[in-house]
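Student: The structure under discussion is supplied below as structure tokens; questions concerning it will follow.
The values are calculated or read from the model by the stated rules, or taken from the named source; none is laboratory data. Note that the coordinates shown come from a computational prediction; the quantities given were computed from them, not determined experimentally. Positions of Cβ are backbone-derived with ideal geometry, glycine not excepted, and every protein chain shown enters the neighbour counts. Ligands, DNA and RNA are excluded from the accessible area calculation, which covers all protein heavy atoms including side chains. Shrake-Rupley method; radii C 1.70, N 1.55, O 1.52, S 1.80 Å.
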Amino acid sequence: PPREGATSGAQGSEMPDAHPTAEAAKLLPFLALEARADLQAAAAQHALALTGSAPGRTLLAGQAALLRALVELAVAPAPAPAREATRALINLAADPGLHKSLLAAEPGLPACLLGCALDPQWPWAEEAAAALANLSREPAPCAALMAALAASGPGESGLERLVRALCTPGYNARAPLHYLGPVLSNLSQRPATRAFLLDPDRCMVQRLLPLTQYPDSSVRRGGVVGTLRNCCFEHRHHAWLLGSEVDILPFLLLPLAGPEDFSEEEMERLPVDLQYLPPDKQREPDADIRKMLIEAIMLLTATAPGRKQVRDQGAYLILRELHSWEPEPDVQLACEKLIQVLIGDEPERGMENLLEVQVPEGVEQQLQQQDRQEQEQCKREQQELELALEPQAEGAAPT
């Protein structure tokens, strides 16, 4: 997620050049919970301004007492400047190099942020979720967040509550909670989260599927699509995911579909939800999300039964039209690779599960080098395209 406080922080006053560490330490008494409200607000704004630059973030990260004071303010009720304190934490958490300092100063930071993000009455829950999204990218804070979720007490589990907050419109009337999407995506990199989401008795995946078309936030859509893609690494669950209980494929294909008018024969091969789409049907506008959708489908083709089901549901038709339309070279390349899997010959006996095939180290290195070369070629093509589209200076002669 972007550094939410950077723009607002830039409006704060600048730290003097002389002895910045000592100057930063002078903020501490004014960030205390018992400080006068106007001075506390000014100090929090000053701290937020510091987090808008790399040197400022490094400076604050070296002050454990200041970090603890910001965390205390972030969860304090009004009139405490909780929003500014939380936005400062968003910026600090956006720097992976500072995560160790943040957790050392306040080991309970993930639990504090989680409590705010999932509190239906907390006005700055979106900011708390954004800080969590930044923090949970790295393994150590992600593990601490998992521990906080596991310690949620009896009744509804922490992960269950997180999914409910993400999937329930108006869960918090004052915060949209879009950033819970990236939080769940980060958590789904861990096997325990995937096992929870893929438990057939919980119906968690089914609750997430409609959000692949969520119109109001690419942050929420991207987080949910990233979560679904991570779940698709678990090939033992592919039959369930592709079967009638979940029926994941139409939800992955629909955002990739445009307004194409297929022949009657082709139309009958498509799932009902992808037939006769309106002429104003738009594809997913975010290239990164389109790529994750393609990657999720690619993972579902890892096994022979999965490939058959994906083929039988007409995925090739949607991908063929996407490939013709796709403006981003790296997404087009991902689409090409998936099409090759769908139209190519089946692997030889014993190699049917592509996720379990052991690739010799030398061959793996060659493939990785080839992949890097393809990515570099995509970047060059993109740069050439951008140069070609640059407007000419006024009065310049055409070339």
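Student: Could you tell me which numbered condition residue 357 fails, if it satisfies all but one of (1) open to solvent by 90 Å² or more (accessible area, probe 1.4 Å); (2) modelled with pLDDT under 60; (3) among the hydrophobic types (A, V, I, L, M, F, W, C)?
Tutor: The number of the failed condition is (1).
Student: Additional query: Residues that are closer than 19 Å to residue 211 by Cβ and without any contact (Cβ under 8 Å) to a residue 60 or more places away in the chain: which helices (runs of 4 or more DSSP H) entirely in segment 286-339 hold 3 or more of them?
Tutor: Of the helices (runs of 4 or more DSSP H) lying wholly inside segment 286-339, those with at least 3 residues that are closer than 19 Å to residue 211 by Cβ and without any contact (Cβ under 8 Å) to a residue 60 or more places away in the chain span 287-300.
Student: Here's something else I'd like to know. Looking only at segment 241-278, count every residue that is within 17 Å of residue 209 (Cβ to Cβ) and in a loop (DSSP other than H, G, I, E, B) and tell me the total.
Tutor: Matching residues across segment 241-278 total 8.
Student: Something else about it: When segment 58-94 is examined, which residues are found to be under 23 Å from the mean Cα position of the chain (by Cα) and either at pLDDT below 95 or open to solvent by 10 Å² or more (accessible area, probe 1.4 Å) (or both)?
Tutor: 83, 87, 94, listed by residue number.
Student: What residue, among those in segment 293-334 that are open to solvent by 30 Å² or more (accessible area, probe 1.4 Å) and of a type in the set (A, V, I, L, M), is farthest from residue 232 (Cα to Cα)?
Tutor: Going through the qualifying residues, I end up with 304.
Student: Just to be sure I understand the filter: pairs with C-beta atoms under 8 Å, separated by 6 or more residues or on different chains, first member in segment 128-145 and within 23 Å of residue 83 (Cα to Cα), second member aromatic (Phe, Trp, Tyr) and outside any helix (DSSP H, G or I). Which pairs pass?
Tutor: 128/122; 129/179; 130/179; 132/179; 133/179
Student: Got at least one residue in segment 125-142 being over 17 Å from the mean Cα position of the chain (by Cα) and over 23 Å from residue 55 (Cα atoms)?
Tutor: yes
Student: Okay, moving on. Restricting attention to segment 234-263, which residues are closer than 16 Å to residue 297 by Cα, among the hydrophobic types (A, V, I, L, M, F, W, C) and buried (at least 16 other Cβ atoms within 10 Å of the Cβ)?
Tutor: If the condition is that a residue be closer than 16 Å to residue 297 by Cα, among the hydrophobic types (A, V, I, L, M, F, W, C) and buried (at least 16 other Cβ atoms within 10 Å of the Cβ), then 241, 242, 246, 248, 249, 251, 252, 253, 254, 256, 257 are the ones that fit.
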